[in-house]
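Participant: Below: one structure in structure tokens.
The values are calculated or read from the model by the stated rules, or taken from the named source; none is laboratory data. What you are looking at is a predicted structure, and each value in this text was computed from that prediction instead of being measured. Here Cβ is always computed from backbone atoms with ideal geometry, including for glycine, and neighbour counts include all displayed protein chains. Accessible surface is based on the protein model in full, side chains and every heavy atom, while ligands, DNA and RNA are left aside. Shrake-Rupley method; radii C 1.70, N 1.55, O 1.52, S 1.80 Å.
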Amino acid sequence: MAFSSQLEVANNVAKITLAGRLDASTAAGFRNLVDQAAAQKVKSVALLLDHLEYMASAGLRVIVFARQKMGVAVKIYVVGAQPLVKETIEVSGFSQAVVLLPAYDAALIEK
Amino acid sequence: MKTLALPGTLDALEPLGEFVRAAAAEAGFDAMAAGRLHLAVDEMATNSVTHAYEEQGREGQIYLEAEIDDNELRVALEDTGPAYDPTTRADPADLDRPLEERGIGGLGIFLARKNVDALLYERRGDRNRLTFVLHRRPASRT
């Protein structure tokens with residue numbers, strides 16, 4: 001499936017929905033959305049990954065970029081990651097820097 | 001043995017993924033193992049395109065081979081860039097550091113190594129050749 005990405009900002013949360021395959025050839029689209037989200041001074045970012053089939057290190061680099069651009073006060077939630085995407089985040093040592101959730105939890109993310 | 005030659009650009013990553021996943025499926029690996037192999041080859045092909053070609057201002061191709069025998073699946077990736085052995089590179093030392101303090105280099109080779117049973121480098125003529133090996137365990141045989 002081709003890569004697609006979408007940004008929606010509401011309640012101080014930037015929801016970024018990613019689908020398909022996120023690799024070095026498609027990561028720029030994700031990065032642009034992080035840039036747009038950062039400009040809106042949100043309190044948290046939720047990456048909605050239910051339909052993301054695959055993520056290479058190019059995707060991890062955008063998460064590093066998000067953390068460095070938005071600062072440590074902005075929480076980054078990774079929601080619904082498929083097993084290999086979750087494993088890639090964990091082995092790379094990112095699970096301490098993002099919150100992994102099986103499903104979107106408005107009470108937690110939008111508080 | 002199956003082979004595929006692709007232009008040395010990032011557009012090659014999608015057909016590369018199809019090629020690697022098809023080889024893994026043919027060797028009887030499940031979707032998770034196929035995805036791990038795809039990730040390993042994708043990371044190294046991205047490095048080839050970026051470092052062997054784009055940063056050098058060169059054009060070239062990347063070459064894939066897949067070979068299955070009773071014991072293992074071997075996928076080879078070749079480029080015609082300057083000799084470079086990524087397997088000698090140490091794992092990133094900052095994996096457990098906060099993201100705001102981390103560098104972004106070295107993750108590709110780290111993930112490549114982590115996701116296959118063996119990763120081998122050799123220089124063959126004018127080509128860098130990386131071989132990704134997955135052992136076919138009894139449970140994964142067709």
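Participant: Once you've got the GNM for chain A with C-alpha springs shorter than 10 Å, pick whichever of A:Val91, A:Val74, A:Val62 has the biggest mean-square fluctuation.
Facilitator: A:Val91
Participant: Now for a different question. Please compute the Kirkwood hydrodynamic radius of the protein assembly as shown from all pairs of different C-alpha atoms, in Å with one decimal.
Facilitator: Result for the protein assembly as shown, one decimal place: 18.9 Å.
Participant: May I pose another question? Explain nothing, just compute: Karplus ³J(HN,Hα) = 6.51 cos²θ - 1.76 cosθ + 1.60, θ = phi - 60°, for every residue of segment B:114-131 in order, whole Hz, x for Gly and Pro.
Facilitator: Along segment B:114-131, the couplings run 5, 9, 10, 6, 8, 10, 10, 10, 8, 9, 10, x, 9, 10, 7, 10, 10, 10 Hz.
Participant: While we're looking at this one, here's another question. To check you understand DSSP bridge types, tell me what percent of the beta bridges within the protein assembly as shown (both residues inside) are antiparallel, rounded to 5.
Facilitator: Expressed as a percentage, antiparallel bridges in the protein assembly as shown total about 65.
Participant: Let me ask something additional. For B:Lys2, list the aspartates and glutamates whose Cα falls under 19 Å from its own Cα; do not include residues on the same chain fewer than 8 positions away.
Facilitator: B:Glu14, B:Glu18, B:Glu26, B:Asp42, B:Glu65, B:Glu67, B:Asp69, B:Asp70, B:Glu72, B:Glu78, B:Asp79
Participant: Still on this model: How large a share of the accessible area of chain B, in percent, is made up of carbon and sulfur atoms when the probe is 1.4 Å and the other protein chains stay in place?
Facilitator: Carbon with sulfur: 48 percent of the solvent-accessible area.
Participant: Keeping all protein chains in place, calculate the accessible area per residue for segment B:31-72 (probe 1.4 angstrom), answer in Å².
Facilitator: 44 Å²
Participant: A further question on this structure: Using a probe radius of 1.4 Å on protein heavy atoms only, what is the accessible area buried between chains A and B, both sides summed, to the nearest 100 Å²?
Facilitator: Roughly 2200 Å².
Participant: To continue, here is another question. Using the Karplus curve 6.51 cos²θ - 1.76 cosθ + 1.60 with θ = phi - 60°, work out ³J(HN,Hα) for each residue of segment B:51-61 in order, rounded to whole Hz, and write x for Gly and Pro.
Facilitator: 8, 7, 10, 4, 5, 8, x, 10, 10, x, 10
Participant: Further, regarding this structure: Shape call for chain B from the C-alpha gyration tensor, a ≥ b ≥ c root eigenvalues: rounded (a/c under 1.5), prolate (a/b greater than b/c) or oblate?
Facilitator: Oblate, because a/c is 1.5 or more while a/b does not exceed b/c.
Participant: Summarise the accessible area of chain A (1.4 Å probe, protein heavy atoms) by the percent that is carbon and sulfur.
Facilitator: It is 51 percent, rounded to a whole number.
Participant: Between B:Asp79, B:Asp94, B:Asp30, find the one with the highest GNM mean-square fluctuation for chain B; connect C-alpha pairs within less than 10 Å.
Facilitator: For chain B, modelled as a Gaussian network with Cα springs under 10 Å, the answer is B:Asp94.
Participant: Right, next: Accessible area drop of at least 50 Å² (1.4 Å probe, protein heavy atoms): which residues of segment A:70-111 qualify, relative to the chain alone?
Facilitator: Correct list: A:Leu84, A:Glu87, A:Val91, A:Ser92, A:Gln96.
Participant: Continuing with this model, one more query. For segment A:45-111, with the dipole built from +1 on Lys and Arg beta-carbon atoms and -1 on Asp and Glu ones, taken about the Cα centre, which of A:Ala73, A:Gly59, A:Leu101 lies farthest toward the positive end?
Facilitator: Projecting each Cα onto the dipole axis, the largest value belongs to A:Ala73.
Participant: Please compute the per residue accessible area over chain A with all protein chains in place, 1.4 Å probe, rounded to a whole number of Å².
Facilitator: About 44 Å² of surface per residue is accessible.
Participant: Figure the gain on full extension for B:Asp85 and B:Ala31 (residue separation times 0.36 nm, minus the Cα-Cα span) and round it to one decimal in nm.
Facilitator: Here the answer is 16.6 nm.
Participant: For B:Lys114, what accessible area in Å² do you get when you roll a 1.4 Å probe over the heavy atoms of the protein chains, rounding to the nearest 10?
Facilitator: 120 Å²
Participant: Also: Residues of segment B:35-57 losing 10 Å² or more of accessible surface, assembly versus chain alone, probe 1.4 Å, please list them.
Facilitator: Going by heavy-atom accessible area, the residues of segment B:35-57 that drop by at least 10 Å² are B:Gly35, B:Arg36, B:His38, B:Leu39, B:Asp42, B:Glu43, B:Thr46.
Participant: Between B:Asp126 and B:Ala22, what is 0.36 nm times their sequence separation minus the Cα-Cα distance? Round to one decimal in nm.
Facilitator: 34.6 nm
Participant: Additional query: Mind listing, in residue-number order, the residues in segment A:12-54 that have at least 20 Å² less accessible area with every protein chain present than in their own chain alone (1.4 Å probe)?
Facilitator: A:Arg21, A:Asp23, A:Ala24, A:Ser25, A:Tyr54
Participant: Additional query: Calculate, for A:Lys69 and B:Glu59, the FRET efficiency according to 1/(1 + (r/R0)^6) with r their C-beta to C-beta distance and R0 25 Å; round to the nearest 0.05.
Facilitator: It comes out at approximately 0.15.
Participant: Would you compute the Debye intensity of chain A from its alpha-carbon atoms alone, equal scatterers and no solvent, and pass along log10 I(q)/I(0) at q = 0.10 Å⁻¹ to two decimals?
Facilitator: Log-scaled intensity ratios, in q order: -0.23.
Participant: For a quick check: with amide H placed at 1.01 Å from N, whose amide H comes under 5 Å from A:Val78's, ignoring anything fewer than 5 positions away on the same chain?
Facilitator: Excluding prolines and chain starts, which carry no amide H, the hits are A:Leu47, A:Val99, A:Leu100, A:Leu101.
Participant: Okay, next question. So how far, in whole Å, is the C-alpha centre of segment B:74-95 from the one of segment A:23-55?
Facilitator: A separation of 28 Å, based on Cα centres.
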